[in-house]
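S.K.: The structure follows.
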Amino acid sequence: MIDDPMDRIAQALERLAPAPLPAPDFSSATAFVWHTQPDRLEAVPKVARVALNLLVGVDRSRDTLLANTRQFAKGLPANNALLWGARGMGKSSLVKAIHADVQADHSHLKIVELQREDLPSVARLLNLLRGSSDRFILFCDDLSFGQDDAHYKSLKAILDGGIEGRPENVVLYATSNRRHLMPRDMIENEQGSAINPAEAVEEKVSLSDRFGLWLGFHACDQDQYLAMIDGYCDAYGLKISTETLRAEAIEWQATRGSRSGRVAWQFFTDLAGRHGVKL
């Protein structure tokens, strides 16, 4: 039993704000997820990813990001990258696939996933990574900001403008459905209410300007959609007639009302299950 009131207060404060855990053994895994309360990096034993050669319709973005990642893994200058555009077209899949491809030749290349909600803690994360001999892709998926959301200010300091700046062994890859990361109505509201509308808008859109690479992803056409499914069938050894596959795939996308890499994978998952093929 603790009699000293100061000790009780100290323990209560410890429960409210737990001490950060030490940095993990980075050689134990190739991927980590950042958590807060307490601050810690947790190893990911198996990353959910698609092979790079199965990503169809993103050739230019793939080649650009692959070259940038190889430069970074070799210790050469590399840009932060923003992958933006249509939903379900493989933005996050491309980041994970490229990491796996480059990591095969550069074992010191790690990927760390950071949730948008944890952006205010990113300075503490960078302090953990800064002293390591490994190199890190800091990955933030589905990055966007809403009205009265101040998280973007934490991100601006990482990208450019902070006193310490981004560590030399860290590069940031983010995905978003919007190129400027802010909803259009938010930008329009800023224009209507600000004393200087131009400056208000510039403040909001300048965040995406701090990414050296902008890689756009656009909705796929029917040929690309079918090519994705053909690639999955070949990769997993699923045998089916071309006519049947085409008819079922088109019917599936018609019921979904859209075509994308995600829809192609969802169709193939259903197809593989019906044909007894394990993924």
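S.K.: Please enumerate the residues belonging to the range 264-279 that are in a helix (DSSP H, G or I) and either under 15 Å from Val58 (Cβ atoms) or at pLDDT below 95 (or both).
M.R.: Within the range 264-279, Ala264, Trp265 meet the criteria.
S.K.: Taking the range 234-263 as the search range and keeping residues that are crowded, with 18+ Cβ neighbours inside 10 Å and not in a loop (DSSP other than H, G, I, E, B), which one is nearest to the chain's Cα centre (by Cα)?
M.R.: Ranking the qualifying residues of the range 234-263, first place goes to Gly261.
S.K.: For the range 34-76, what are the residues that are within 15 Å of Val95 (Cα to Cα) and of a type in the set (Val, Ile, Thr)?
M.R.: Val47, Val50, Val56, Val58, Thr64, Thr69
S.K.: Another question, if that's okay. Which condition does Leu76 not pass, out of (1) surrounded by fewer than 17 Cβ atoms within 10 Å (Cβ to Cβ); (2) farther than 18 Å from Val170 by Cβ, if it passes all the others?
M.R.: Tallying (1) surrounded by fewer than 17 Cβ atoms within 10 Å (Cβ to Cβ); (2) farther than 18 Å from Val170 by Cβ, Leu76 fails exactly one: (2).
S.K.: Just wondering, is there one or more residues in the range 10-30 that are closer than 21 Å to Asn127 by Cα, modelled with pLDDT of 90 or more, surrounded by 15 or more Cβ atoms within 10 Å (Cβ to Cβ) and more than 19 Å from the chain's Cα centre (by Cα)?
M.R.: Yes, the range 10-30 contains at least one residue that is closer than 21 Å to Asn127 by Cα, modelled with pLDDT of 90 or more, surrounded by 15 or more Cβ atoms within 10 Å (Cβ to Cβ) and more than 19 Å from the chain's Cα centre (by Cα).
S.K.: Within the range 213-233, how many residues turn out to be within 24 Å of the chain's Cα centre (by Cα) and in a helix (DSSP H, G or I)?
M.R.: 6
S.K.: Got at least one residue in the range 186-205 being within 21 Å of Arg116 (Cα to Cα), at pLDDT below 95 and not in a helix (DSSP H, G or I)?
M.R.: Checking the range 186-205: not a single residue is within 21 Å of Arg116 (Cα to Cα), at pLDDT below 95 and not in a helix (DSSP H, G or I).
The values are calculated or read from the model by the stated rules, or taken from the named source; none is laboratory data. The model shown is predicted, which means the values in this text are computed figures rather than measured ones. FYI the Cβ positions are ideal-geometry reconstructions off the backbone, even for glycines, and counts take in every protein chain you see.
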